[in-house]
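Student: A single structure is presented below for examination.
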Amino acid sequence: MIRLTKTKLVKAEKRGVTYVCDSRSIDRKELGINGEVRDTFIGTFERYGGKNGWSGQRTVLLKDIKNNEGKVITGHLWFNLTKGFQKLHMKNGDIIQFDARVKSYVKGYDKIDRKIDYKLSYPTKLKKLLI
């Protein structure tokens, strides 16, 4: 017996072109399950990094990102090192709480490799949690 399941189509835009894909092919489904909403998240600071070709653009790696219910929604996410992150003077293992908006984006460069994924954008209200 073949069972047909309803799938949700997800849209994202890259350089003025709208892409549509089946929600089954998305890596971070848990992140975008409620749509593009603003919410509170908690993550563990892992390390600083940088973007290749972006002359000194620093980044921050947070791992084990949890939603406000304590459920892990993704293993890791990279953020730009904004002033908010800089003020925290983070060390490996620090627990960071922040508000952010869930957004879809087009991942990949080749037509073959392109797919839609979710990220957290516009992190605000950043603070270190003492545990």
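The values are calculated or read from the model by the stated rules, or taken from the named source; none is laboratory data. Nothing here was measured: the structure is a model prediction, and the numbers come from that model. When we count neighbours, we look across all protein chains shown, and the Cβ atoms used for this are built from the backbone with ideal geometry, even at glycine.
Student: Assess whether residue 54 counts as being at pLDDT below 85, hydrophobic (A, V, I, L, M, F, W, C), more than 14 Å from residue 127 (Cα to Cα) and not in a helix (DSSP H, G or I).
Tutor: yes
Student: When you check residue 77 against the structure, is it surrounded by fewer than 17 Cβ atoms within 10 Å (Cβ to Cβ) and either touching a residue at least 12 places away in the same chain (Cβ under 8 Å) or β-branched (Val, Ile, Thr) (or both), yes or no?
Tutor: No.
Student: Please specify each residue of region 59-105 satisfying the condition of being assigned to a strand (DSSP E or B) and in contact with a helix residue (DSSP H, G or I) (Cβ under 9 Å, 6 or more places away or on another chain).
Tutor: Matches in region 59-105: 60, 65, 72, 73, 74, 77, 79, 96, 98, 102, 103, 104.
Student: Further, regarding this structure: Determine, yes or no, whether residue 106 is in contact (Cβ under 8 Å) with a residue 60 or more places away in the chain and in contact with a Phe, Trp or Tyr (Cβ under 6 Å, 6 or more places away or on another chain).
Tutor: Against the criterion (in contact (Cβ under 8 Å) with a residue 60 or more places away in the chain and in contact with a Phe, Trp or Tyr (Cβ under 6 Å, 6 or more places away or on another chain)), residue 106 qualifies.
Student: Can you find a residue in region 26-33 that is modelled with pLDDT of 55 or more and either under 22 Å from residue 84 (Cα atoms) or of a type in the set (A, V, I, L, M, F, W, C) (or both)?
Tutor: Yes, because at least one residue in region 26-33 is modelled with pLDDT of 55 or more and either under 22 Å from residue 84 (Cα atoms) or of a type in the set (A, V, I, L, M, F, W, C) (or both).
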